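Undergrad: Below is the structure I would like to discuss, written out as structure tokens.
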Amino acid sequence: MHRDTKGWVFVGPFLAVFALTFLAPIGYAIYLSLFREQAFFGGNVFVGLDNYADVIADSKFWESFLRVLTFLVVQVPVMLILALLAALAIDSARLHGASFFRIVIFLPYAVPGVVAVLMWGFIYGDNFGLAADLNNLLGSTAIKPLSGHWMLPSIANIVTWEFVGYNMLIFYSALRTVPEELYEAAAIDGASALRTVRAVKLPALRGAVVIATIFSIIGSFQLFNEPNILRTLAPNVITTYYTPNMYAYNLSFAGQQFNYSATVAIVMGVITAVIAYVVQLRGSREAL
């Protein structure tokens with residue numbers, strides 16, 4: 001029996017690009033993580049899982065991991081709640097100029113990440129920008145967004161400002177797919193606007209909330225641009241291992257420890273995948 005291979009003509013280019021840009025780097029990172037460069041004798045020596053044992057015992061890695069975990073637990077719920085409220089408001093017929101507000105809220109996501117951090121860095125600066133002006137106006141130095149205690153909340157504010165609009169669009173798109181018959185049935189039953197939100201809109205958003213949560217978890221564990229750029233303004237606050245991604249980056253490009261850097265990246269990838277899978281599994285079960 002002759003098999004039709006025309007389908008491979010269409011999927012072949014994608015599979016080739018996918019293998020070269022996704023599978024090959026992961027495979028090479030795993031390969032690097034199994035070796036260690038010898039300082040005195042030169043060359044890489046196979047060490048098996050020794051690099052992974054070193055990462056598990058690395059206090060710098062766990063300090064950076066706990067920092068992004070704290071960031072995730074606090075920032076992600078705040079961001080998703082704000083995005084949800086914005087989506088519900090825009091979907092409501094009571095809001096005038098809904099299209100305008102949709103564009104305004106989404107606009108920060110269109111700003112390049114580096115530009116956004118530089119802009120907020122200017123606002124946060126203790127010796128210049130808005131923070132410095134407010135301190136001069138009040139005659140104090142109380143406002144220090146780049147200090148040790150406020151650095152993580154300041155980064156969280158930047159990320160929230162950037163991605164509220166993105167998540168709002170996910171929620172709003174899900175709301176637009178709700179059948180009109182459900183709203184009509186709720187109106188016939190005499191449901192108030194708040195009751196309609198609780199009984200119709202929120203259940204319809206469950207899948208979108210799961211997707212947005214997974215994306216936010218992955219983004220939180222990949223936190224890099226914001227602290228890496230702000231480090232030039234607060235080098236004594238943001239260390240080279242402030243986040244796991246910064247740790248892996250500096251190990252590789254500053255410390256020339258490519259094998260250990262690959263190991264850190266693999267461990268973080270596994271942790272992120274496991275947590276994202278658990279969230280997806282739990283969300284899917286609740287949706288049933």
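The values are calculated or read from the model by the stated rules, or taken from the named source; none is laboratory data. These numbers come from a predicted model, not from an experiment. Virtual Cβ from ideal backbone geometry, glycine too; neighbours counted across all protein chains shown. Keep in mind that these areas ignore ligands, DNA and RNA; they rest on the heavy atoms of the full protein, side chains included. Shrake-Rupley method; radii C 1.70, N 1.55, O 1.52, S 1.80 Å.
Undergrad: What number of residues within segment 215-228 satisfy the criterion of being open to solvent by less than 30 Å² (accessible area, probe 1.4 Å) and more than 12 Å from ASN245 (Cα to Cα)? If you could, list the steps in order and put the result at the bottom.
TA: Taking segment 215-228 first, the residues open to solvent by less than 30 Å² (accessible area, probe 1.4 Å) are 216-217, 220-221, 223, 226-227.
Those still in the list that are more than 12 Å from ASN245 (Cα to Cα) too: 216-217.
Going through segment 215-228 one residue at a time, the tally reaches 2.
Undergrad: Can we say VAL68 is touching a Pro at 6+ places or on another chain (Cβ under 8 Å), over 20 Å from GLY255 (Cβ atoms) and of a type outside the set (D, E, K, R)? Talk me through it step by step, then tell me what you get.
TA: Numbers: touching a Pro at 6+ places or on another chain (Cβ under 8 Å): yes; over 20 Å from GLY255 (Cβ atoms): yes; of a type outside the set (D, E, K, R): yes.
Yes; evaluated as a whole, the condition is true for this residue.
Undergrad: Within segment 109-122, identify whether any single residue is more than 28 Å from ASN136 (Cβ to Cβ) and over 19 Å from the mean Cα position of the chain (by Cα), and answer yes or no.
TA: No, every residue in segment 109-122 fails to be more than 28 Å from ASN136 (Cβ to Cβ) and over 19 Å from the mean Cα position of the chain (by Cα).
One line per residue, one yes/no per condition, for (1) β-branched (Val, Ile, Thr); (2) free of Cβ contacts under 8 Å to residues at least 60 places away in the same chain; (3) surrounded by 20 or more Cβ atoms within 10 Å (Cβ to Cβ); (4) part of a helix (DSSP H, G or I):
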{"site": "PRO108", "(1), (2), (3), (4)": "no, yes, no, yes"}
{"site": "VAL114", "(1), (2), (3), (4)": "yes, no, no, yes"}
{"site": "VAL117", "(1), (2), (3), (4)": "yes, no, yes, yes"}
{"site": "LEU130", "(1), (2), (3), (4)": "no, yes, no, yes"}
{"site": "ILE143", "(1), (2), (3), (4)": "yes, yes, no, no"}
{"site": "SER147", "(1), (2), (3), (4)": "no, no, no, no"}
{"site": "ILE158", "(1), (2), (3), (4)": "yes, no, yes, yes"}
{"site": "ASN167", "(1), (2), (3), (4)": "no, no, yes, yes"}
{"site": "TYR183", "(1), (2), (3), (4)": "no, yes, no, yes"}
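Undergrad: Which condition from (1) assigned to a loop (DSSP other than H, G, I, E, B); (2) within 19 Å of PRO244 (Cβ to Cβ) is the one that ARG3 breaks?
TA: Evaluating ARG3 over (1) assigned to a loop (DSSP other than H, G, I, E, B); (2) within 19 Å of PRO244 (Cβ to Cβ) leaves (2) as the failure.
Undergrad: Tally time: how many residues in segment 85-106 are among the aliphatic types (A, V, I, L, M), touching a residue at least 60 places away in the same chain (Cβ under 8 Å) and open to solvent by 40 Å² or more (accessible area, probe 1.4 Å)?
TA: Of the residues in segment 85-106, the ones among the aliphatic types (A, V, I, L, M) are 85-90, 93, 95, 98, 103-105.
Remaining after also requiring touching a residue at least 60 places away in the same chain (Cβ under 8 Å): 86-88, 90, 105.
This time we only want the ones that are open to solvent by 40 Å² or more (accessible area, probe 1.4 Å), so: 105.
Adding up the residues that qualify gives 1.
Undergrad: Taking segment 198-220 only, how many residues are within 19 Å of LEU281 (Cβ to Cβ) and among the charged types (D, E, K, R)?
TA: Within segment 198-220, residues that are within 19 Å of LEU281 (Cβ to Cβ) and among the charged types (D, E, K, R) number 1.
Undergrad: Could you check segment 185-210 and list, in sequence order, the residues that are in a loop (DSSP other than H, G, I, E, B) and either open to solvent by less than 70 Å² (accessible area, probe 1.4 Å) or closer than 19 Å to VAL78 by Cα (or both)?
TA: Pass one, segment 185-210, residues in a loop (DSSP other than H, G, I, E, B): 189-192, 205.
Scanning segment 185-210 gives GLY190, ALA191, SER192, LEU205.
Undergrad: In the set ALA273, ALA265, which member is open to solvent by 40 Å² or more (accessible area, probe 1.4 Å) and either under 22 Å from GLN38 (Cα atoms) or assigned by the TED database to the domain that holds GLY43 (or both)?
TA: Numbers: ALA273 fails: either under 22 Å from GLN38 (Cα atoms) or assigned by the TED database to the domain that holds GLY43 (or both).
Selected residue: ALA265, the only one of ALA273, ALA265 that is open to solvent by 40 Å² or more (accessible area, probe 1.4 Å) and either under 22 Å from GLN38 (Cα atoms) or assigned by the TED database to the domain that holds GLY43 (or both).
Undergrad: May I pose another question? Among the listed residues ARG94, ARG102, which satisfies the condition of being at pLDDT below 95, touching a helix residue (DSSP H, G or I) at 6+ places or on another chain (Cβ under 7 Å) and of a type in the set (Lys, Arg)?
TA: Details: ARG94 fails: touching a helix residue (DSSP H, G or I) at 6+ places or on another chain (Cβ under 7 Å).
ARG102 is the lone residue from the list that is at pLDDT below 95, touching a helix residue (DSSP H, G or I) at 6+ places or on another chain (Cβ under 7 Å) and of a type in the set (Lys, Arg).
Undergrad: Is there a residue in segment 84-95 that is under 30 Å from LYS144 (Cβ atoms) and in a helix (DSSP H, G or I)?
TA: Yes, that holds for at least one residue.
Table: residues versus (1) modelled with pLDDT under 90; (2) part of a helix (DSSP H, G or I).
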residue	(1), (2)
GLY7	yes, yes
PRO13	no, yes
ARG36	yes, no
SER64	no, yes
PHE71	no, yes
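Undergrad: In addition: Would you please name the residue that is modelled with the lowest pLDDT, looking only at residues in segment 214-233 that are polar (S, T, N, Q) and over 13 Å from MET268 (Cβ atoms)? It would help to see each step written out before you state the result.
TA: Step one: list which residues in segment 214-233 are polar (S, T, N, Q), which gives 216, 220, 222, 225, 228, 232.
Okay, now just the ones that are also over 13 Å from MET268 (Cβ atoms), so 216, 225, 228, 232.
Details: SER216: 95, ASN225: 94, ASN228: 95, THR232: 90.
Looking at the filtered set, the residue picked out is THR232.
Undergrad: Among the candidates LEU20, LEU34, LEU66, which residue alone is hydrophobic (A, V, I, L, M, F, W, C) and in the same structural domain as TYR260 (by the TED database)?
TA: Numbers: LEU20 fails: in the same structural domain as TYR260 (by the TED database); LEU34 fails: in the same structural domain as TYR260 (by the TED database).
Every option except LEU66 fails the conditions.
Undergrad: Follow-up. Being within 28 Å of the chain's Cα centre (by Cα), under 24 Å from PRO244 (Cα atoms) and part of a helix (DSSP H, G or I) is the requirement here; does ALA19 meet it? Show your work before the answer.
TA: Values: within 28 Å of the chain's Cα centre (by Cα): yes; under 24 Å from PRO244 (Cα atoms): no; part of a helix (DSSP H, G or I): yes.
Answer is no for this residue.
Undergrad: Separate question: Just to check your reading of the model, which residue among THR272, THR213 is under 28 Å from TRP120 (Cβ atoms), of a type outside the set (Lys, Arg), in a helix (DSSP H, G or I) and touching a Phe, Trp or Tyr at 6+ places or on another chain (Cβ under 7 Å)?
TA: Numbers: THR213 fails: touching a Phe, Trp or Tyr at 6+ places or on another chain (Cβ under 7 Å).
So the residue among THR272, THR213 that is under 28 Å from TRP120 (Cβ atoms), of a type outside the set (Lys, Arg), in a helix (DSSP H, G or I) and touching a Phe, Trp or Tyr at 6+ places or on another chain (Cβ under 7 Å) is THR272.
Undergrad: OK, next. For segment 244-288, which residues satisfy the criterion of being in contact (Cβ under 8 Å) with a residue 60 or more places away in the chain and among the β-branched types (Val, Ile, Thr)?
TA: Within segment 244-288, THR263, VAL264, ILE266, VAL267, ILE271, VAL279 qualify.
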